[in-house]
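See structure below.
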Amino acid sequence: MPFDLLLKGGRVVDPSQSLNAVMDVGARDGHITQIAQNLDETGCLDVRDVSGKYVCPGLIDLHGHWYEGNLFGINPLICMDHGVTTAVDAGTTGYANFPEFRRTVLDRSLADVFAFVHISLMGLHAPYAEELVDLRYARPLETAAVIDKHRDRAVGVKIRIGTMTGNHGLAALDIALTAARDARVPLMVHVSRGAEEAKILHRLRPGDILTHCFHGRSNGMIAETVIPEAREAKDRGVFFDVGHGAGSFSWDTARKAFEHHFYPDTLSTDLHRYSVSEPLSITLPQVMSKMLCIGMSLEDVISKTTTIPARALGREREIGNLRPGSIADILIFDLETGDFPFTDTHLKVCRGSRRIVPHLVVKKGRVHAPGSISIDLRELYESDMDVIRGIG
Ligand SMILES: [Zn+2]
């Protein structure tokens, strides 16, 4: 059978198969069908010469905000421009508004979108009185029930701990863990100012996710060294996610972690209304390029945006790899060399010599050109500036 799409002569990097070689990739009916050298193009209507380019699985962004009924949310269409073929919403909605989120976004999006459901009934609040300052908003039974009803899209429970939990962060964490246990899904924990990270890490289970691991605020798990609770959590299978965002990535913290051989498991954007625009204009290839900048290998940055997030979602059979039978979600990119400035969320600049630039994005076998998508963003109010200044 001829291919629908044939990508010829690119350097294929697929960590799931320990593959880094010049090869052709053939797809049919939205799935990868063959990967080998010199595939026969007879009868294939869409043959692309991608020699000189890199070819990897479509990227998975484990942390973003994709519900525009919330102050944080933006349209997930923008992901496709960044080579992200699977986006994950990190608890923008709770059980009360998840069904509407599903109807209006998850069921319609060009990129696949999965979602963590916030333990607080309406998801994120910002910025006035945050979502768990009153613990009555934490709803374990309803959260587990809505996840159970939407298992094809709802992949876990989310909580933010810090100012958003007032002085009862650990009590709120226990409620969220109860919901995650009942629904048999992972818990994703955002840590920010005031979170007791050692105690939080101690409670997390294998498969749970700690996001914003390089936030760079004082009293975090990485200061002069990495606290033992973080290493113990990593050893038992807790995922550490970057979640760059508008306030959660510090060069100094990342470097310190690398010096102590403590690496993130997954790279993600925390893309939302406040991180999508200037001065940060976050994209996942940019976060990946930042990791190249401080010494991570290209194979590792690809693994941490494909194979490993797919595993964190329990979907490593279908996505995050280029094995025959998997969904034909593919990124073709250039690895540009030069002198590039990369800014962290403290506006500190680090210069790097390589950056990843998407060339073509394939979603379920269909090719899209980056740069072809623009989205409308809601207007910012004066109060939004408070969020931008104090976010994390
Ligand atoms: Zn977030």
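Using alpha-carbon positions, what is the distance between the centroids of segment 340-392 and segment 269-284, in Å?
Here the answer is 4 Å between Cα centres.
Can you tell me the accessible area per residue over the chain, all protein chains present, probe 1.4 angstrom, in square angstrom?
Accessible surface, normalised per residue, equals 39 Å².
Mind checking the angle between helix 140-149 and the chain's longest principal axis? C-alpha axes, 0 to 90 degrees, to the nearest 10.
20
Considering just Cα atoms, how many Å³ per residue does the convex hull of segment 69-216 enclose?
That works out to 113 Å³ per residue.
For segment 343-352, what does the Karplus curve 6.51 cos²θ - 1.76 cosθ + 1.60, with θ = phi - 60°, yield as ³J(HN,Hα) per residue in whole Hz, taken in order and with x for Gly and Pro?
Whole-Hz 3J(HN,Hα) from phi for segment 343-352: 9, 8, 7, 9, 6, 8, 9, 10, 9, x.
Using DSSP to call loops (not H, G, I, E or B), can you name the trypsin sites (Lys or Arg not before Pro) in segment 70-124 whose Cβ has at most 16 other Cβ atoms within 10 angstrom?
The qualifying sites are ARG108.
Between helix 169-183 and the chain, what is the angle of the helix's C-alpha long axis to the longest principal axis, kept within 0 to 90° and rounded to the nearest 10?
50
When 1/r is averaged over all different Cα pairs and the result inverted, which Kirkwood radius in Å belongs to the chain?
21.0
What does the net charge come to around ILE147 if you take all other residues with beta carbon closer than 14 Å to its beta carbon, with K and R at +1 and D and E at -1?
Summing Lys and Arg as +1 and Asp and Glu as -1 gives +3.
The values are calculated or read from the model by the stated rules, or taken from the named source; none is laboratory data. Worth saying up front: this structure is predicted, and the values here are computed from it rather than measured. Note: ideal-geometry Cβ built from the backbone for every residue, glycine included; neighbour counts use all protein chains shown. Protein only, heavy atoms only, side chains kept; ligands, DNA and RNA dropped before computing areas. Shrake-Rupley method; radii C 1.70, N 1.55, O 1.52, S 1.80 Å.
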